[in-house]
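Here's the structure we're looking at; comments come further down.
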2 protein chains.
Amino acid sequence: MKTINIKEKYELFNDYWKPRVVAELNNQQVIIAKVKGEFIWHDHKDEDELFNVIKGKLRMEFRDKVVEVNEGEMIIVPRGVEHRPVAEEETWLLLFEPLSTKHTGDVNSKRTVKKYPRI
Amino acid sequence: MKTINIKEKYELFNDYWKPRVVAELNNQQVIIAKVKGEFIWHDHKDEDELFNVIKGKLRMEFRDKVVEVNEGEMIIVPRGVEHRPVAEEETWLLLFEPLSTKHTGDVNSKRTVKKYPRI
């Protein structure tokens with residue numbers, strides 16, 4: 001039963017779009033990622049996904065609109081909803097999602113990470 | 001699909017130990033609370049509970065030790081583990097836990113909140 005310091009965890013890596021697991025509970029995982037640029041369109045059929053912007057700004061694109069998520073804000077992307085995260089500048093994200101959530105849903109891309117390392 | 005600004009949500013209330021639900025996803029809820037002073041000993045038989053300290057400092061007491069959780073840190077209290085949250089000064093918490101989680105587990109107290117309001 002130790003504390004987890006999120007900001008310290010971000011200092012441990014510098015690659016973009018490569019999630020790291022920092023905690024697991026109730027079949028859910030807490031993930032952090034640094035992102036910059038555009039990701040790929042995907043959805044998660046059975047999982048809602050919470051994005052919390054720790055630093056920077058996230059532009060969450062949906063097929064019919066765009067939502068700007070500023071530092072200190074969160075957004076929940078409901079299951080089945082196609083989305084594409086974009087960040088102009090380096091942005092730090094914290095995500096809550098079920099363990100079953102695949103990085104890019106049913107889309108297989110060279111950018112897909114199959115298993116997130118624990119840090 | 002709107003953004004949620006956690007810090008703005010904290011401005012909406014001032015009572016201690018009265019959780020508010022700010023989001024739900026995957027049968028989990030995101031809760032915020034302001035706390036100050038000592039809470040009561042309890043556990044949650046079937047639910048792990050994540051505490052994230054947004055502001056202030058949390059002193060999480062267990063039967064065999066005490067863990068200080070500073071601003072920006074989180075701690076997960078595993079299911080079945082008795083705990084007592086304590087805060088010397090006003091502290092802002094964000095919790096992530098299953099919808100089934102009862103405020104004070106099987107302990108019924110005048111401080112128990114049966115249903116958390118959504119804000």
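Each value in this text was obtained by applying a stated rule to the coordinates, not by laboratory testing. Note that the structure is a prediction, hence the values are computed from the model and not measured. Quick reminder, even Gly has a Cβ in these numbers, built from the backbone with ideal geometry, and neighbours come from all protein chains shown.
Descriptive notes on the structure:
- Cα gyration tensor, the range B:17-68 - rounded (a/c under 1.5), prolate or oblate: oblate
- Two numbers describe the Cα atoms of the protein assembly as shown: Rg and Dmax, which are 17.7, 55 Å.
- In sequence order, calculated HN-Hα J values of the range A:5-10 (Karplus, 6.51, -1.76, 1.60; Hz; x Gly/Pro): 9, 4, 4, 5, 5, 5
- Its residues counted as N, the range A:62-119 yields a C-alpha radius of gyration over 2.2 N^0.38 Å of 1.24.
- Per-copy distances of the A:ARG63 label point, shortest first, in nm (7 angstrom along Cα→Cβ): 5.3
- Whole-Å semi-axes of the range A:6-98's equivalent ellipsoid (Cα gyration tensor): 19, 17, 11
- Chain B: relative contact order in percent, alpha carbon pairs under 8 Å with at least 6 residues between: 33
- Each of B:LEU58, B:LEU25, B:ILE4 was scored by the projection of its Cα onto the charge dipole of the range B:1-84, and the greatest displacement toward the positive side belongs to B:ILE4; charges sit on the C-beta of Lys, Arg, Asp and Glu.
- Cα principal axis extents for the range B:1-43, largest first, Å: 37, 25, 10
- Per-peptide average of other Cβ atoms within 10 Å, ordering B:16-22, A:73-79, B:92-98, A:35-41 highest first: B:92-98, A:73-79, B:16-22, A:35-41
- Assuming charge only on the beta carbon of Lys and Arg (+1) and of Asp and Glu (-1), the dipole of the range B:6-98 about its Cα centre is about 140 debye to the nearest 20.
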